[in-house]
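The values are calculated or read from the model by the stated rules, or taken from the named source; none is laboratory data. Being a predicted model, the structure only gives us computed values, none of them experimental. Don't worry about glycine lacking a Cβ; one is built from the backbone with ideal geometry, like all the others, and counts go over all protein chains shown.
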């Protein structure tokens with residue numbers, strides 16, 4: 001992606017992205033040009049333009065959005081988020097143990113010991129989706145939040161809890177306990193939305209609550225590299241930091257999208273998640289806290305003209321299988337690296353972007369028919385769709401079984417993580433956090449370590465590690481095989497006496 005994309009949560013924190021100011025010269029020029037035309041001529045010109053539009057059968061520009069905003073504004077909320085981050089992430093913070101530490105210690109005799117963490121504040125927007133207090137927003141607004149506060153349009157403030165998050169689509173659902181039934185943002189259809197149609201965005205840019213902007217739908221089906229299920233609505237309705245998670249409405253007053261990202265260097269280029277993508281996910285987020293998706297176990301890539309020619313494809317369409325996950329559904333079905341998947345359950349695959357969404361919405365356990373091209377021939381292969389492994393961080397919580405006392409925060413290893421670390425073998429579970437003072441810290445475990453074995457038993461998922469740790473509760477210590485850098489080592493974790 002050659003453009004820098006920004007997910008636009010407004011934040012007050014060290015190291016926050018700098019937002020370029022917009023030059024005002026064009027505004028002044030526009031005012032001068034407009035003022036050079038008498039107001040009567042402007043009115044006549046506008047009237048003629050509207051008549052011409054009506055004669056052509058196309059809707060004219062709305063005369064006012066006031067009624068729409070008055071009706072929908074109470075369903076839009078401001079979200080204030082408090083997060084905790086490592087102190088080392090603050091740019092320019094003097095390190096007492098660094099090369100200039102002694103200088104600062106002498107200069108500031110009462111310099112307190114630097115805390116390990118610092119608190120940051122951020123803000124975003126959200127839409128009330130039922131009268132009981134469920135609120136739809138972006139995952140990146142609340143990701144890592146320690147505290148979440150929701151301010152309604154009437155300035156009532158509620159503490160909120162995150163009931164569900166999905167990083168792949170950047171969606172999250174919050175819940176507050178209101179004193180009365182809340183106004184709701186009605187959902188429309190993003191599928192029926194047309195390019196050129198007028199839309200209104202309501203949100204809290206830069207913390208300015210219930211700000212309204214309007215524009216048109218510039219494009220649909222945009223792939224911006226945000227995730228495997230990209231299908232964004234592009235709009236020129238001005239969107240800024242703090243608008244994240246806010247609703248995009250059509251002229252019927254229906255929510256058709258959730259504002260999510262901008263191109264930092266662009267003007268009037270914003271992106272919204274289609275509401276039709278969010279609708280089937282919301283019940284899962286509310287009931288289970290996550291989304292269950294179908295899984296085939298293949299890594300795919302797009303077909304370039306040269307690849308299509310080399311593979312002797314008549315048309316450049318389909319998804320090229322770059323890798324097959326060992327033991328996955330595709331591997332069991334006999335799909336190979338180099339196959340080109342051209343249809344899924346009879347539905348044509350025009351590009352590699354189409355396949356992940358088709359597989360994801362297929363019920364787990366259902367047999368799907370895969371049409372693929374191999375060695376100049378087309379064949380059909382049945383594949384039993386499995387559950388997509390969760391990539392969310394599994395945080396060990398306090399429980400009667402005491403699974404949290406080891407002090408490990410873990411995450412599933414993904415192909416992308418393996419490539420970033422130069423690993424050819426993706427087996428293992430990544431350590432993404434170590435609790436201070438815990439057995440894991442005393443054993444010398446570090447963030448970035450890859451756990452391969454627990455008590456000499458191979459592990460390939462967070463759940464397998466958790467199960468192994470639970471089995472070891474009766475023991476005073478356990479042994480982990482850890483890959484660190486280019487080498488491997490055994491680490492013994494002992495319970496605190």
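For this structure, a couple of remarks:
- Number of residues in the range 472-486 that are modelled with pLDDT under 75 and either in a loop (DSSP other than H, G, I, E, B) or surrounded by fewer than 17 Cβ atoms within 10 Å (Cβ to Cβ) (or both): the value is 6.
- Residue match in the range 215-228 (condition: assigned to a loop (DSSP other than H, G, I, E, B) and either free of Cβ contacts under 8 Å to residues at least 24 places away in the same chain or out of contact with any strand residue (DSSP E or B) (no Cβ under 9 Å at 6 or more places or on another chain) (or both)): yes
- Of all residues making up the range 192-214, the number that are without any contact (Cβ under 8 Å) to a residue 60 or more places away in the chain, in a strand (DSSP E or B) and in contact with a strand residue (DSSP E or B) (Cβ under 6 Å, 6 or more places away or on another chain): 2
- Residue 365 at pLDDT 90 or above, under 30 Å from residue 139 (Cβ atoms) and assigned to a loop (DSSP other than H, G, I, E, B): yes
- When the range 176-187 is filtered for residues that are over 13 Å from residue 246 (Cα atoms), crowded, with 19+ Cβ neighbours inside 10 Å and either touching a residue at least 60 places away in the same chain (Cβ under 8 Å) or in contact with a helix residue (DSSP H, G or I) (Cβ under 6 Å, 6 or more places away or on another chain) (or both), only 182 remains.
- Qualifying positions in the range 249-272 - out of contact with any helix residue (DSSP H, G or I) (no Cβ under 7 Å at 6 or more places or on another chain) and under 21 Å from residue 122 (Cα atoms): 259, 260, 261, 262, 263, 264, 270, 271, 272
- The residues of the range 116-154 that are more than 16 Å from residue 180 (Cβ to Cβ) and part of a loop (DSSP other than H, G, I, E, B), listed by number, are 116, 129, 138, 143, 144.
- Candidate set: the range 155-170, residues that are in a loop (DSSP other than H, G, I, E, B) and in contact with a helix residue (DSSP H, G or I) (Cβ under 7 Å, 6 or more places away or on another chain); chosen: the one surrounded by the fewest Cβ atoms within 10 Å (Cβ to Cβ): 167
- Residues of the range 331-346 satisfying the condition of being surrounded by 12 or more Cβ atoms within 10 Å (Cβ to Cβ) and under 28 Å from residue 278 (Cβ atoms): 341, 343, 344, 345
- Hits in the range 363-383 - residues which are farther than 14 Å from residue 298 by Cβ and either in contact with a helix residue (DSSP H, G or I) (Cβ under 9 Å, 6 or more places away or on another chain) or touching a residue at least 60 places away in the same chain (Cβ under 8 Å) (or both): 363, 364, 366, 373, 376, 382
- Looking only at the range 409-462, residues that are at pLDDT 80 or above and within 18 Å of residue 389 (Cα to Cα) come to 16 in all.
- Residue ranges of strands (runs of 3 or more DSSP E) in the range 260-353 with at least 1 members outside the structural domain of residue 136 (by TED's automatic domain parsing) and more than 27 Å from the chain's Cα centre (by Cα): 340-344
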